[in-house]
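*Asks:* Just passing along the structure, written as structure tokens.
Throughout, read-outs are computed from the coordinates displayed, never taken from laboratory work. Note that the coordinates shown come from a computational prediction; the quantities given were computed from them, not determined experimentally. Glycine gets a Cβ as well: all are built from the backbone with ideal geometry, and neighbour counts include every protein chain shown.
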Amino acid sequence: MWLWFAKLGSPKWFYELSTKWLPWLTAAMVLTLGVATIWALLYLPPDYQQGYTSRILVVHVAVAGTSLAFFPLMAVAGTITLVWKMKLADMVAKNAAALGAWFSFITLATGSLWGSVSWGTWWEWSDSRLVSMLFQFFLLLGVVSLRSALEDSEKAAKACALLSIVGCINVVVIKYSVEWWNTLHQPASPVSMESGSANGPEFWIATALMILGVYLFLSVSLILSTRNEILQRERKALWVQELLADTKSGRG
Amino acid sequence: MDSTALNKPSTWSAFALTLKRDLLIAFKRKNDIVNPFMFFVIVVSLFPLAISPEPTKLAEIAAGVIWIAVLLSAMLSMDSLFRADFEDGSLEMLLLSPHPLFFLVLAKNIAHWIVSGLPVVIASPLLAYMLKLPGDSYLTLLLSLLIGTPTLSLIGSIAVALTVGLGSRGLILAVITLPFSVPVLIFGTLAVQSSAAGLPAGGYLALMLAILAGSLSLAPLTSAAALRISVS
Amino acid sequence: MDSTALNKPSTWSAFALTLKRDLLIAFKRKNDIVNPFMFFVIVVSLFPLAISPEPTKLAEIAAGVIWIAVLLSAMLSMDSLFRADFEDGSLEMLLLSPHPLFFLVLAKNIAHWIVSGLPVVIASPLLAYMLKLPGDSYLTLLLSLLIGTPTLSLIGSIAVALTVGLGSRGLILAVITLPFSVPVLIFGTLAVQSSAAGLPAGGYLALMLAILAGSLSLAPLTSAAALRISVS
Amino acid sequence: MTDTSFQHTPDNSPLFEVCNLRCERDERLLFSALSFAINPGSALQIAGSNGSGKTTLLRIICGLNDGFEGQIRWRGFDRSEQSEAFAADLLYLGHRVGVNKVLSPLENLRWSAGLQVKVSEAELMKALSDVGLRGFEESPCYTLSAGQQQRVSLARLRLSPATLWVLDEPFTTLDVDAVARLEQTLADHAEKGGAVIVTTHHKLELPKLQRLTLG
Amino acid sequence: MTDTSFQHTPDNSPLFEVCNLRCERDERLLFSALSFAINPGSALQIAGSNGSGKTTLLRIICGLNDGFEGQIRWRGFDRSEQSEAFAADLLYLGHRVGVNKVLSPLENLRWSAGLQVKVSEAELMKALSDVGLRGFEESPCYTLSAGQQQRVSLARLRLSPATLWVLDEPFTTLDVDAVARLEQTLADHAEKGGAVIVTTHHKLELPKLQRLTLG
Amino acid sequence: MDLISGIQFDSFAEFLDMGGYSFNVWAVYGLFVVFITVNLYVPVLRRKSLIRDLKRRQTLAEQAHGAEVNSAGRHKLEEAEGNS
Ligand code: HEM
Ligand SMILES: Nc1ncnc2c1ncn2[C@@H]1O[C@H](COP(=O)(O)OP(=O)(O)OP(=O)(O)O)[C@@H](O)[C@H]1O
Ligand SMILES: Nc1ncnc2c1ncn2[C@@H]1O[C@H](COP(=O)(O)OP(=O)(O)OP(=O)(O)O)[C@@H](O)[C@H]1O
Ligand SMILES: [Mg+2]
Ligand SMILES: [Mg+2]
């Protein structure tokens, strides 16, 4: 167990393993995303209420669901950073924060685009998922901002780890308090997400496939940026120097 | 066992010493006391200018405006917590002292709240009057602020401890902590709004007390950990 | 006359050098760019939570809320102007340089506005939408902010120059400058509110332009004098 | 104070010991396989060129920096197991002097010394006049010159019950007089059974001085 | 650069002259009836115990502090009438080194030297490697040690066309090597017809050194 | 599996129109594509520039101070002269 952990902590080990896995993951990602997109766009039958716009939901639901994974992921990575001082965990956490902000943003954007069809408004404060996603976005940007503010990279790693753990709890707290606030304010328009669309099984299969694809995309993107981070931080290590000597300029 | 241990001050006296020192510094600087208060007053008085001077409209927004102004003033006043100590090296002394950091951080937090939070709370009824807050809700406003502002300070102190090395951190502090204070803001305004509408507000206040209790035990611990990170 | 004078860079090139340096620092720090913007967005989004999520109520307060949030973000972002330079001694270098301080201060002001004011202005229409600002007034909002934020920066820079030696000055800056920026706030909100009501807003914008012109010529001069006082 | 005022270590292991220390910053190796021990009554000067890692080493020794590998032992035990006892017996003066600008030297010292030991007002005043701040006890510290502020922090040395003193360039900004007095203080401390670790670029003259050169 | 690279003063009045200077701070008299003159080719060390007013005097000389009485003359004219010419011909390095932490040494120097003189990139790089910062040119300054940051500011000395150098404790935090190199730089500057005013507690060895002791 | 008849649209124009909601649907998919490509392409670009930069530094280091690198991290412990 400890040996395995120590090994996983080694950026070199991760770099080499990911070199092997990356092509397969990328292929799987392209395949699932491709199939899911084509299916959703071409084959999904129109919803009886909203017509073809349920195509939006396929993307929205997939991205929204995945974006909820970031704070738990960062909190776990943060714990590993703080307790075991594992550099790799921090490299993942660093890139996860920025990617998570992207995911939250796309959730907000796709949600708005869907809202403009189904509710007739792009933004509505009286929905707890919207508001709490907005604040998750802010919290993630806060982590990114803290990282860029702190100059010393070791300090930044630990500070962001702590903030991610505290933030993880807070995302939950915000969600419940906003939900409660909304039930008290009794939304004027019929603005519940659960209310509407009775979507068929095809919709859910396409969505499931899309979720899988988005998760694969998340891992590929995270791995790619983590590898860069490894090269950057370990640039003085012998194995990186050797690796550089082997690669042609700009390729590899 | 040894003379060192005999002569060592108790944790309690270190707590008191730190509290006294921080209050002394604040009273010498005066700015730490006056500014949060002034900021609060000025921000509140911008709203009638920017939105509308009509009493009915003001009454509708009064609770929210006061709470937001309190929130901002609390967050921004945090900037002075730990800053001077970090810059002059006293923070290293605090970390290397033979007492549990939890209590020393708590002492600094309490001193800071007394100095920057309390005056704002005391001034709030006056500003509530200027914004025509409905009459029944003054007590609730006062109570909710009395419970809410220490919570905000405690939350803020974590962020302060994380960013203690930064030169200008007023904004980043606000950016990090404002999302965290959303629950306090929501319950605080709900309490005031519901008592303005003649409904009971005790439930919200109880909830806020629970949040306060939670942060009172967890926040100094987290701040202490954050300080250790920042000073290293 | 002498070799020194031959090799001396022109004031213009000192201006450009300083502008470039400040932009470079901002781009390296990133926070100076992101934080005012984030603060603005977060503060605006607290209002629906604290006041009411109802679109009609929001529409009424939208213009005022956006202007107040812009004002606060502009004032608080000023904290970073001159701070690092004072702390590391670069400010003394600036004062002792053989160029008119007016232009060097202006260069720093411009760099600061590009970095912290412009992003806020650009984001404002989106937030106006979220607060349901009536549709016709977006252009006026944008224009009024485009004229108003540099004015606020210039006013703020005087206060910054006066308080440059203070450790935590976020609040005191706001306290000093907010009263001075009331005219800008009033004309800015009036412009937006009147164009939301379908009335012409050009008059207010012209007034704001006049204020901008005035502060563009006077503020850097005053800031330069204030800097000399603070550094001595 | 006599020799007995300092706690003795079990089974004659050294007071403070560092084994096989290694530290990298920004992937630049500062030192590796660094071992030394220091005993009551002795002094260690850490020398080295700029950027060789002296400050970093001192901060590691005190526990302010944990970016290192290796063992640090205090009176024979691992330092992390003894952190409270270690803190009670350590005095660190860093690059930044730990002097609040608005407080007076007296108020500063009351707090900074008071965290570690119970002191009376008379002792505080005596310590301040010993470092040459008589007449400045009640002036706010922002009116003091750089060297005078450094002296405020040095007053702590005269009150602290700590055995191990860790001083980072304590001689900077001091005038010739004050330098001599500080050297005497260090020698006295060592003589009474204390231990001193100090960095300076200055040529130290102390009895039983070891010198560790980094870089 | 040869001797002719520095501007000559009319009718042989001294380069820089202070007459009957008097300064009080906080009702404490720092100095009065202080007069001295400094000519091209010479150096002046200002000595004195801590708090005797060395930093204050230097800031008065540069024009950063105007809390004084007396005359200050530059090339025979009142300094205030010549403030621009004086600024172009003055280089001041204070206690605080004027090095931005996020910028690299190169970027720092590009600005700080560039305000006073047009310099090429090659000159900048050369100046940095002359002060021993080769390999650190592009690292952000917050990763540099105290002495390395001091060196960044010293690199300005190698580029500046100024005749009068005013340096406040430039030797602090420098290692032995760097101290020797800086002394050499000061001697070279004086030899080339420049003038140096410097405070330090350190024993300076320069040709044609005057010493002024305050307090 | 009939891949052709399963398609919900009779013409390409109809496909583009998405039942009248073309803006929303295509904006979502457009964003989605941008989102994915940016977050894959940026790391790839960064990798290229990083490798170029690291190689440049490697050669610089070799030329300038190859020997100095090895001297880092050494230290020496001695008794100071003149002790009693
Ligand atoms: C926590 C983040 C979110 C999650 C997990 C999420 C998930 C979902 C799911 C599963 C649905 C489908 C519901 C159904 O089929 O009935 C949905 C619908 C929807 N979502 Fe989200 N979403 C999130 C955030 C957002 C945001 C931020 C927005 C807007 C900006 C948004 C706007 C919508 C809209 C308008 C619908 C359609 C509701 C309806 O059919 O009435 N969602 N979302
Ligand atoms: N801001 C200030 N306000 C009032 N008095 C001051 C201030 N700064 C310094 N002083 C006083 O002026 C005197 C001289 O200070 P100065 O900094 O010039 O001394 P110095 O000779 O440079 O000493 P050091 O060797 O310690 O650097 C001191 O006695 C100090 O008390
Ligand atoms: N915050 C930091 N991040 C990364 N590297 C750092 C940091 N601080 C210092 N370093 C590096 O660590 C090395 C040692 O720095 P340190 O401050 O310990 O040197 P020092 O021996 O005390 O030097 P000086 O004599 O100049 O005080 C330097 O090379 C510096 O580049
Ligand atoms: Mg050092
Ligand atoms: Mg001085």
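*Asks:* Taking amide H positions as placed in the peptide plane 1.01 Å from N, state which residues far from D:Phe16 in sequence (5 or more) or on other chains have amide H under 5 Å from it.
*Replies:* Here D:Ile38, D:Arg75 satisfy the definition.
*Asks:* For the pair F:Ile7/E:Glu24, report the inter-label distance in nm, with labels modelled 7 Å from Cα in the Cβ direction.
*Replies:* With each label placed 7 Å out from Cα toward Cβ, I get 9.6 nm.
*Asks:* How about E:Lys192: which lysines have a C-alpha closer than 19 Å to its C-alpha, ignoring those fewer than 8 places off in the same chain?
*Replies:* In chain and number order, the partners are E:Lys208.
*Asks:* Once the Cβ-Cβ distance between B:Asp136 and D:Ala122 is put in as r, and R0 is 45 Å, what FRET efficiency do you end up with, to the nearest 0.05?
*Replies:* 0.15
*Asks:* Nearest 10 degrees is fine. How inclined is helix D:146-155 to the longest principal axis of chain D, computing both from alpha carbons?
*Replies:* Computed tilt is about 80 degrees.
*Asks:* Average projected area of the Cα convex hull of segment C:7-231, in nm²?
*Replies:* 12.3 nm²
*Asks:* Which helices of chain A meet both criteria: a Cα extent of 27 Å or more along the helical axis and a mean Kyte-Doolittle score no lower than -0.5, with helices taken as whole DSSP H segments?
*Replies:* Long hydrophobic helices here: A:11-38, A:87-118, A:128-149, A:153-185, A:201-233.
*Asks:* On to the next question. Using only Cα atoms and rounding to the nearest 10 degrees, what angle (0 to 90) does helix D:121-130 make with the longest principal axis of chain D?
*Replies:* Roughly 80 degrees, rounded to the nearest 10.
*Asks:* In a Gaussian network model over chain A where Cα atoms closer than 10 Å are linked, find which of A:Ala62, A:Ala77, A:Ala27 has the largest mean-square fluctuation.
*Replies:* Among A:Ala62, A:Ala77, A:Ala27, the largest GNM mean-square fluctuation belongs to A:Ala27.
*Asks:* OK, next. Which ³J(HN,Hα) values, rounded to whole Hz and listed in residue order, are derived for segment D:19-29 from phi using the Karplus coefficients 6.51, -1.76 and 1.60 in 6.51 cos²θ - 1.76 cosθ + 1.60 with θ = phi - 60°, glycine and proline given as x?
*Replies:* Running phi through 6.51 cos²θ - 1.76 cosθ + 1.60 with θ = phi - 60° gives 10, 6, 6, 9, 9, 10, 10, 6, 6, 9, 6 Hz.
*Asks:* D:Thr213's amide H: which non-local residues (gap 5+, or another chain) put their own amide H closer than 5 Å, with H modeled 1.01 Å from N in plane and none for Pro or chain starts?
*Replies:* D:Ala47, F:Lys76, F:Leu77, F:Glu78
*Asks:* Listing C:Ile229, C:Ile42 from the residue with the fewest other Cβ atoms within 10 Å to the one with the most, what is the order?
*Replies:* Final ranking by Cβ density, sparse to dense: C:Ile229, C:Ile42.
*Asks:* Order these by the 10 Å Cβ neighbour count, fewest first: A:Trp122, A:Trp24, C:Trp67, D:Trp165.
*Replies:* The most exposed by this proxy come first: A:Trp24, A:Trp122, D:Trp165, C:Trp67.
*Asks:* In C, who owns the beta-carbon nearest the axis carrying C over to B, and how many Å from it?
*Replies:* C:Gly170, 1
*Asks:* Report the Cα centroid-to-centroid distance between segment D:134-176 and segment C:97-122 in angstrom, as an integer.
*Replies:* So the separation of the two Cα centres works out to 41 Å.
*Asks:* Can you compute 3J(HN,Hα) from phi for each residue in segment D:209-215, using the Karplus curve 6.51 cos²θ - 1.76 cosθ + 1.60 with θ = phi - 60°, rounded to whole Hz and x for Gly and Pro?
*Replies:* Taking θ as phi minus 60°, the curve returns 9, 9, 10, 10, 9, 9, x Hz for segment D:209-215.
*Asks:* Mind scanning C:Lys30/E:Lys54; A:Lys155/F:Lys76; A:Lys12/A:Lys158; B:Lys108/C:Lys30; A:Lys20/A:Lys236; A:Lys20/A:Lys94 and naming the pairs with a C-alpha gap bigger than 28 Å?
*Replies:* Listed pairs above 28 Å: C:Lys30/E:Lys54; A:Lys155/F:Lys76; B:Lys108/C:Lys30.
*Asks:* Next question, about the same structure. Which of the helices in chain B, when you take each full DSSP H run, stretch at least 30 Å along the axis at their Cα atoms and have an average Kyte-Doolittle score of 1.6 or higher?
*Replies:* B:138-162
*Asks:* Please arrange C:Ser116, D:Ser120, B:Ser52 by how many other C-beta atoms lie within 10 Å of their C-beta, fewest to most.
*Replies:* Sorted ascending by nearby Cβ count, the order is D:Ser120, B:Ser52, C:Ser116.
*Asks:* Additional query: Using θ = phi - 60° and the Karplus form 6.51 cos²θ - 1.76 cosθ + 1.60, what ³J(HN,Hα) does each residue of segment D:80-91 get, whole Hz, x for Gly and Pro?
*Replies:* 5, 7, 10, 4, 6, 4, 4, 4, 5, 10, 10, 10
*Asks:* Follow-up question, since we're still on this one. Compute the long axis of helix E:176-191 from its Cα atoms, compare it with the longest principal axis of the Cα atoms of chain E, and write down the angle in degrees, 0 to 90, nearest 10.
*Replies:* 60 degrees
*Asks:* Okay, moving on. For the peptides B:222-228, D:26-32, what is the packing order when you average, over each peptide's residues, the other Cβ atoms within 10 Å and list the highest mean first?
*Replies:* Those peptides, ordered most packed to least, come out B:222-228, D:26-32.
*Asks:* Same structure, new question: Say R0 is 25 Å: what FRET efficiency, to the nearest 0.05, do A:Ser153 and D:Asp78 get from their beta-carbon distance?
*Replies:* Between A:Ser153 and D:Asp78 the formula returns 0.35.
*Asks:* So if we plug the beta-carbon distance of A:Leu31 and F:Val44 into 1/(1 + (r/R0)^6) with R0 = 22 Å, what FRET efficiency do we get, rounded to 0.05?
*Replies:* Efficiency, from the Cβ-Cβ distance: 0.70.
*Asks:* Over the protein assembly as shown, consider all pairs of different Cα atoms and compute the Kirkwood hydrodynamic radius from their mean reciprocal separation; express it in Å, one decimal.
*Replies:* Value: 33.0 Å, from the Cα pair sum.
*Asks:* Taking H as built 1.01 Å from N, whose amide H comes closer than 5 Å to the amide H of E:Glu24, not counting residues under 5 places away?
*Replies:* Correct list: E:Leu30.
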